[in-house]
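Below is one structure, written out as structure tokens; the observations come after it.
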Amino acid sequence: EIDRLQVAYVACNERLAAAFEEMTNNETLIGRFKESSDDAVQVSKDAAESARGHNIELSSRLAALEGERDQLDALRSELELTLEDTTQALVQVTEERDVASLAYRELELQLSQTKKDLANATAERDATN
């Protein structure tokens, strides 16, 4: 039982580490997508101001950049949802790890008591013989 709980405890720790890594990666990607989105909007504004004579071409480029921004915003929203899911999974894995740790400690105490009981019973038997 202790071995099974140790395996469960290690597995929970591994899942917790993976969840932390995924959360960190998602936060990094969200930051990059936000920067890319902001940069794309700024580039489109600068281009429109410096080349008003090419309004048709620039309008087309602006629409394309806004489409990309919309795609980036959609991806950012998806990553934010993934981050929320990862955070929830992290909380659950942490709770599972804590429960497994408590169960492991309980079994260690029971094992210690059983060893003491066995030693006492052996001592009593030897004393009666």
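Does at least one position in the range 38-50 carry a residue that is in a helix (DSSP H, G or I), polar (S, T, N, Q), free of Cβ contacts under 8 Å to residues at least 40 places away in the same chain and under 30 Å from Asp3 (Cα atoms)? Spell out how you get there, then give the answer.
Of the residues in the range 38-50, the ones in a helix (DSSP H, G or I) are 38-50.
The next check asks that each one be polar (S, T, N, Q); those that pass are 42, 44, 50.
Add one more test, that the residue is free of Cβ contacts under 8 Å to residues at least 40 places away in the same chain, and what stays is 42, 44, 50.
Subsequent filtering for residues that are under 30 Å from Asp3 (Cα atoms) retains none.
Scanning the range 38-50 turns up no residue that is in a helix (DSSP H, G or I), polar (S, T, N, Q), free of Cβ contacts under 8 Å to residues at least 40 places away in the same chain and under 30 Å from Asp3 (Cα atoms).
Assess whether Thr87 counts as being at pLDDT 90 or above and either on the phi < 0 side of the Ramachandran plot or β-branched (Val, Ile, Thr) (or both). Reasoning before the result, please.
On the way: at pLDDT 90 or above: no; either on the phi < 0 side of the Ramachandran plot or β-branched (Val, Ile, Thr) (or both): yes.
Spelling it out, it is not the case that Thr87 is at pLDDT 90 or above and either on the phi < 0 side of the Ramachandran plot or β-branched (Val, Ile, Thr) (or both).
Conditions tested, residue by residue: (1) within 30 Å of Asp3 (Cβ to Cβ); (2) touching a residue at least 60 places away in the same chain (Cβ under 8 Å).
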residue: Ala19; (1), (2): yes, yes
residue: Leu75; (1), (2): no, no
residue: Leu83; (1), (2): no, yes
residue: Thr87; (1), (2): no, yes
residue: Leu102; (1), (2): yes, no
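Going by the structure shown, is Leu102 under 18 Å from Leu16 (Cβ atoms) and open to solvent by 80 Å² or more (accessible area, probe 1.4 Å)? Before the answer, list the steps.
Working: under 18 Å from Leu16 (Cβ atoms): yes; open to solvent by 80 Å² or more (accessible area, probe 1.4 Å): yes.
When the stated conditions are applied, Leu102 passes them.
Which residue, of Asn55, Asn13, is polar (S, T, N, Q) and open to solvent by 80 Å² or more (accessible area, probe 1.4 Å)?
Working: Asn13 fails: open to solvent by 80 Å² or more (accessible area, probe 1.4 Å).
Going through Asn55, Asn13 in turn, just one is polar (S, T, N, Q) and open to solvent by 80 Å² or more (accessible area, probe 1.4 Å): Asn55.
The values are calculated or read from the model by the stated rules, or taken from the named source; none is laboratory data. From a predicted model like this one, the values you see are computed outputs, not experimental measurements. Cβ: placed from backbone, ideal geometry, glycine included. Neighbour counts: every protein chain shown. Note: areas computed on protein heavy atoms with side chains; ligands, DNA, RNA excluded. Shrake-Rupley method; radii C 1.70, N 1.55, O 1.52, S 1.80 Å.
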